[in-house]
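**Student:** This is the structure I have questions about; it appears just below.
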Amino acid sequence: MADGASTSARSEVWSEILVNAFTRDGVDPLAPDVLDRLRQAWWKQVARPGLPWWAVEKLPQGAAAAFVGLTVRETGYRVRAIGDSCLFHLRGEEILLAGPLDRADRFSRFPALITTRPHAAATVAIWEGGGSYDAGDVFVLATDAMAKHLLQDYQTAGRLLPVAKYLESPEAFGDFVARARENGMDNDDTTACVVQT
């Protein structure tokens, strides 16, 4: 999962490149050698002749995105992430692992992100986790607004909302997001992906 920074240049293209590298190509987009190739691919896609002057001015600033990559195998799971999109490993209503942020008060307006700028430090803020899982465990990947909301609820109630139930249909998820926003969830794009074992 990738969540582009809205203030950066063409972050939707960068997010798609990161996700495709991980899911389609089977490579780790946070690995330095892979990251260099992906940065070049982003530039080739966005630097087109005939762009308006304001786009030409913004492109050198580059794009930035949060990223969470989860690999689940029979022998265990592994996750690598950067930024404020998070992974939750759940067993029932209990969070076994959360990261890269594990408390609601750790979210900020300026998270560490993976950028398209050449020579930008990429590995400084990479978070890694993993281990074994049991049948019935659930993994949730969530963008920042959803992740923060889930952690706030967990910290308040001592248990996690039954997230998978709210993702059974687009309508159920839309209703969940609307209610959550009424109850204080940040009004930001909200994406979640559930992997049930």
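**Student:** Would you point out the residue of region 176-197, among those that are more than 30 Å from residue 73 (Cα to Cα) and either basic (Lys, Arg) or outside any helix (DSSP H, G or I) (or both), that is modelled with the highest pLDDT?
**Tutor:** Of everything passing the filter in region 176-197, 181 is modelled with the highest pLDDT.
**Student:** Do we have residue 7 as exposed (fewer than 13 other Cβ atoms within 10 Å of the Cβ) and of a type in the set (Val, Ile, Thr) here? Give the steps one after another, and end with the answer.
**Tutor:** Details: exposed (fewer than 13 other Cβ atoms within 10 Å of the Cβ): yes; of a type in the set (Val, Ile, Thr): yes.
Yes.
**Student:** Could you figure out which of (1) modelled with pLDDT of 95 or more; (2) of a type outside the set (Lys, Arg); (3) under 22 Å from residue 111 (Cβ atoms) isn't true of residue 30?
**Tutor:** (1)
**Student:** Would you please list the contacts, defined by Cβ atoms under 6 Å and residues six or more apart or on different chains, that run from a residue in region 40-58 that is more than 10 Å from residue 116 (Cβ to Cβ) to a residue that is at pLDDT 85 or above and part of a helix (DSSP H, G or I)?
**Tutor:** The qualifying pairs are 45/13.
**Student:** Pairs needed: first member in region 179-197, in contact (Cβ under 8 Å) with a residue 60 or more places away in the chain; second member anywhere, in a loop (DSSP other than H, G, I, E, B) and among the charged types (D, E, K, R); C-beta distance under 6 Å; at least 6 residues apart or different chains.
**Tutor:** 197/137
Matching residues to (1) in a loop (DSSP other than H, G, I, E, B); (2) of a type in the set (S, T, N, Q); (3) more than 14 Å from the chain's Cα centre (by Cα):
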| position | (1), (2), (3) |
| --- | --- |
| 15 | no, yes, no |
| 29 | yes, no, no |
| 45 | no, yes, yes |
| 59 | no, no, yes |
| 66 | no, no, no |
| 77 | no, no, yes |
| 87 | no, no, no |
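**Student:** Just give me the residues in region 116-175 being assigned to a helix (DSSP H, G or I), of a type in the set (A, V, I, L, M) and out of contact with any Lys or Arg (no Cβ under 7 Å at 6 or more places or on another chain), in sequence order.
**Tutor:** 145, 146, 147, 150, 157, 163, 164, 172
**Student:** Out of 142, 135, 104, 122, report the one residue that is buried (at least 20 other Cβ atoms within 10 Å of the Cβ) and either in contact with a His (Cβ under 9 Å, 6 or more places away or on another chain) or at pLDDT 95 or above (or both).
**Tutor:** Within the list 142, 135, 104, 122, the selection yields 142.
**Student:** Taking region 14-38, which residues are in contact with a strand residue (DSSP E or B) (Cβ under 8 Å, 6 or more places away or on another chain) and not small (Gly, Ala, Ser)?
**Tutor:** 14, 16, 18, 19, 22, 28, 29, 30, 35
**Student:** Across region 89-101, which residue is modelled with the highest pLDDT among those that are more than 18 Å from the chain's Cα centre (by Cα) and not in a loop (DSSP other than H, G, I, E, B)?
**Tutor:** If we filter region 89-101 for residues that are more than 18 Å from the chain's Cα centre (by Cα), which is where we start, we get 91-94, 96.
Narrowing the set further to residues that are not in a loop (DSSP other than H, G, I, E, B) leaves 91, 94, 96.
Details: 91: 92, 94: 88, 96: 95.
Filtering first and then ranking leaves 96.
The values are calculated or read from the model by the stated rules, or taken from the named source; none is laboratory data. It should be emphasised that the depicted structure is a prediction, and the values quoted were computed from it without experimental measurement. Cβ: placed from backbone, ideal geometry, glycine included. Neighbour counts: every protein chain shown.
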